[in-house]
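The values are calculated or read from the model by the stated rules, or taken from the named source; none is laboratory data. Quantities reported herein were computed from a predicted structural model and do not represent experimental measurements. Glycine also receives a Cβ, built like all others from the backbone with ideal geometry; neighbour counts cover every protein chain displayed.
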Amino acid sequence: MRYYKNIKEFVQGKKVFCGIDSHLNSWNICFFCDGEVIEKIKLPVDYTKLHFLLLSYSTARELKIVYEAGFSGFWLYRRLTKDGYNCMVTPPNRVPHSGSKVKTDKRDAEALATYLSAGLLKEVVVPPVHAEADRRVVRRRAQLVKNQTRAKNHIRSFLHLHGIAAPADVKSRWSNRYLAWLDSLTFDFETDAFTLSRMIADYRHIRDEVVAVTRYLRTMSKNETYANSFKHANALRGVGLVTGMTLLLEIFDFARFKNSQHFSSYLGLTPAQYSSGDHVRLGHITRQGNAHLRNVLIESAWTVIRHDPHLREKYERLKARGTNGKKAIVAVARSLAVRLRRCLLDNCDYVIGVC
């Protein structure tokens, strides 16, 4: 719906804000200027049609465009910026909520345009194309590991349904010996044997995929782009291939963080704070940042405290105050991340008690 007949004349010399609510097959677009909506329109996902629409606002002094980060990635951002448009991508979880119980695509587009005009939206740092492509490798591995865990759970559930327990002499779960025992199981019904065989085949396929992606990730760690930085991060026992490469691929540019607090906030490892008068209470971590990196850092922190006495002492000190182990290890993970960032910025190995 267009609210003014001559858009070019109305927006001439003015600032215009455009919100795009993106879906699989369509874009809901809203233009906002001088405190009011001047046009709402729905387009198919066709950049040529979008570009033609934006030409109607060529007389504006400035045209700012925003859409939410999501399944569609950053291709639209790159096309728009290449054509000279001022575009930003905002994280969905940082968009203010109006409190209205009515939610439609048109309203979402209008909200984006309105919040953009008020300067209330945060901006996602769009990675270079090559960095995003490399990052997909480590994210693919994380996805496969989740699928592998799911496949294991399916097999466990199947065995529990039949009251089958692993023999005492098979101590290592998911080893070749354990899989051979699974292959040897017999059932009263052929359908049960078939079902379990497909579950085992699914697990083996995923396991092989994890191995293949891990090997490729190790090859990447030796490339000129990452070799030096990976060596510095890998100098600390507990920070292995997956954590080191996830750190490098997810961040891709450590200099973009103003300080360690900004970095911790990005990781979502900063505790939430509730303050009123003289009372200050620290809550759970915000979980606002990069979940992929946060998970591997917390996992590595459990190993690191066995080798770094300084981080071990911090962990024990927090536990002595009454903090449970899980919260204490999150604090250790935050310190570990900050130290690793400092090492990579200074181009030096992680040294206990120094970095």
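Tabulated data
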quantity: Members of the range 322-348 found to be modelled with pLDDT of 90 or more and of a type outside the set (A, V, I, L, M, F, W, C), listed by number; calculated: Arg334, Ser335, Arg339, Arg341, Arg342, Asp346, Asn347
quantity: Residues located in the range 58-70, provided they are closer than 19 Å to Lys106 by Cβ, modelled with pLDDT of 95 or more and not charged (D, E, K, R); calculated: Ile65, Val66, Tyr67
quantity: Thr114 being in contact with a strand residue (DSSP E or B) (Cβ under 7 Å, 6 or more places away or on another chain) and either free of Cβ contacts under 8 Å to residues at least 40 places away in the same chain or part of a loop (DSSP other than H, G, I, E, B) (or both); calculated: no
quantity: Ser72 in the same structural domain as Glu36 (by TED's automatic domain parsing), touching a His at 6+ places or on another chain (Cβ under 9 Å) and outside any helix (DSSP H, G or I); calculated: yes
quantity: All positions within the range 75-100 that are touching a residue at least 12 places away in the same chain (Cβ under 8 Å) and either among the aromatic types (Phe, Trp, Tyr) or not assigned by TED's automatic domain parsing to the domain that holds Leu112 (or both); calculated: Tyr77, Tyr85
quantity: Candidate set from the range 1-51 (those that are part of a helix (DSSP H, G or I) and at pLDDT below 95); member that is surrounded by the most Cβ atoms within 10 Å (Cβ to Cβ); calculated: Val11
quantity: In the range 220-238, residue farthest from Arg136 (Cα to Cα) [restricted to those that are aliphatic (A, V, I, L, M) and not in a loop (DSSP other than H, G, I, E, B)]; calculated: Ala233
quantity: Residues being under 20 Å from the mean Cα position of the chain (by Cα) and more than 14 Å from Val239 (Cβ to Cβ) - total across the range 332-355; calculated: 1
quantity: Ala69 being touching a Leu at 6+ places or on another chain (Cβ under 8 Å) and within 30 Å of Val210 (Cα to Cα); calculated: no
quantity: Any hit, the range 204-224, residues being in contact (Cβ under 8 Å) with a residue 40 or more places away in the chain and aromatic (Phe, Trp, Tyr); calculated: yes
quantity: Residue within the range 85-105 that is within 23 Å of Gly289 (Cα to Cα), in contact with a Ser or Thr (Cβ under 6 Å, 6 or more places away or on another chain) and in a strand (DSSP E or B) present; calculated: yes
quantity: Residue match in the range 88-98 (condition: surrounded by 14 or more Cβ atoms within 10 Å (Cβ to Cβ) and touching a strand residue (DSSP E or B) at 6+ places or on another chain (Cβ under 6 Å)); calculated: yes
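Results for (1) among the aromatic types (Phe, Trp, Tyr); (2) within 30 Å of Glu224 (Cα to Cα); (3) surrounded by 11 or more Cβ atoms within 10 Å (Cβ to Cβ), shown as yes or no for each residue.
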{"residue": "Arg139", "(1), (2), (3)": "no, yes, yes"}
{"residue": "Ile155", "(1), (2), (3)": "no, no, yes"}
{"residue": "Leu161", "(1), (2), (3)": "no, no, no"}
{"residue": "Pro167", "(1), (2), (3)": "no, no, no"}
{"residue": "Ser175", "(1), (2), (3)": "no, no, yes"}
{"residue": "Tyr178", "(1), (2), (3)": "yes, no, yes"}
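Residues are listed down the side, and each one gets a yes or a no for (1) free of Cβ contacts under 8 Å to residues at least 60 places away in the same chain; (2) in a helix (DSSP H, G or I); (3) outside the structural domain of Thr246 (by TED's automatic domain parsing):
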{"site": "His307", "(1), (2), (3)": "no, no, no"}
{"site": "Leu311", "(1), (2), (3)": "yes, yes, no"}
{"site": "Lys314", "(1), (2), (3)": "yes, yes, no"}
{"site": "Leu318", "(1), (2), (3)": "yes, yes, no"}
{"site": "Ala328", "(1), (2), (3)": "yes, yes, no"}
{"site": "Ala333", "(1), (2), (3)": "no, yes, no"}
{"site": "Val338", "(1), (2), (3)": "no, yes, no"}
{"site": "Arg342", "(1), (2), (3)": "no, yes, no"}
